[in-house]
Amino acid sequence: MKKDIPLIKVEDVAVAIVPKGDVQDEFWDSWIINLKEETLSNVLITSQGYGEMDGEEVKTSTLRYFFEEIGPLATVLIEPIQRSLFSITNEYWISFSIDGYLYDKRFVFVNGSISETHFTPIPFLGAKGVMIR
């Protein structure tokens, strides 16, 4: 039954959006960051954007990525993201397993949150960007 399923909070996994070079570049990169000392297995990531742009409702395609494993204290490139999409909400939904337990978490970058004013150092990348943990 549902009450018998333990709810374990996802910790030490993050998504970061980082400029490829200059902050004015058209494309930035989105990364998954494993801050755990354990390997993430069967990692499934879906990404999509939605919101209002120029007075019209927009929704991007839903993209899916799969990685068999993401090692401990490691980063993996998810996808490039266009600067023009920073004005809408960008969502990354991540599912993975550790020791046979399935975890999932939704990382939501609300419109306007991907900007230099929210930059923070990104672990393992040696760069600054916007990160949700």
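The values are calculated or read from the model by the stated rules, or taken from the named source; none is laboratory data. Keep in mind that this is a model prediction, so the values were computed, not measured. Cβ sites come from the backbone with ideal geometry, for glycine too, and all protein chains shown count toward neighbours.
Consider E116 carefully, then state whether it is in contact (Cβ under 8 Å) with a residue 60 or more places away in the chain, among the charged types (D, E, K, R) and farther than 21 Å from L7 by Cβ.
Taking the combined requirement at face value, the residue satisfies it.
Which number in (1) out of contact with any strand residue (DSSP E or B) (no Cβ under 6 Å at 6 or more places or on another chain); (2) of a type in the set (D, E); (3) modelled with pLDDT of 95 or more marks the one condition that E91 misses?
Only one criterion in (1) out of contact with any strand residue (DSSP E or B) (no Cβ under 6 Å at 6 or more places or on another chain); (2) of a type in the set (D, E); (3) modelled with pLDDT of 95 or more is unmet by E91, namely (1).
Please enumerate the residues belonging to segment 64-86 that are farther than 16 Å from V15 by Cα and surrounded by 16 or more Cβ atoms within 10 Å (Cβ to Cβ).
Within segment 64-86, just L85 meets the criteria.
Hey, among G112, G100, which residue is farther than 16 Å from E38 by Cα, at pLDDT below 95, surrounded by fewer than 15 Cβ atoms within 10 Å (Cβ to Cβ) and over 11 Å from the mean Cα position of the chain (by Cα)?
Going through G112, G100 in turn, the sole match is G112.
Which of the strands (runs of 3 or more DSSP E) found entirely inside segment 22-87 contain at least 1 residues meeting this: at negative phi and of a type in the set (S, T, Y)?
Filter on segment 22-87 gives 27-34, 40-53, 63-70, 74-82.
Select from segment 42-57 the residues that are touching a Leu at 6+ places or on another chain (Cβ under 9 Å) and among the β-branched types (V, I, T) and write down the one among them that is surrounded by the most Cβ atoms within 10 Å (Cβ to Cβ).
Among those that are touching a Leu at 6+ places or on another chain (Cβ under 9 Å) and among the β-branched types (V, I, T), it is I45.
Checking T39 against (1) loosely packed, with under 14 Cβ neighbours inside 10 Å; (2) touching a Gly at 6+ places or on another chain (Cβ under 9 Å); (3) not acidic (D, E), only one condition comes out false. Which one?
With (1) loosely packed, with under 14 Cβ neighbours inside 10 Å; (2) touching a Gly at 6+ places or on another chain (Cβ under 9 Å); (3) not acidic (D, E) applied to T39, the lone miss is (1).
Checking the conditions here, which among V15, V10 is surrounded by 12 or more Cβ atoms within 10 Å (Cβ to Cβ), under 14 Å from the mean Cα position of the chain (by Cα), touching a residue at least 12 places away in the same chain (Cβ under 8 Å) and part of a loop (DSSP other than H, G, I, E, B)? Show your work before the answer.
Details: V15 fails: part of a loop (DSSP other than H, G, I, E, B).
Matching residue, one of V15, V10: V10.
Filter segment 85-113 down to the residues that are within 26 Å of D25 (Cα to Cα) and either acidic (D, E) or without any contact (Cβ under 8 Å) to a residue 12 or more places away in the chain (or both) and list them by number. Outline the logic, then answer.
Narrowing segment 85-113 to residues within 26 Å of D25 (Cα to Cα): 85-93, 107-113.
Selection gives E91 alone.
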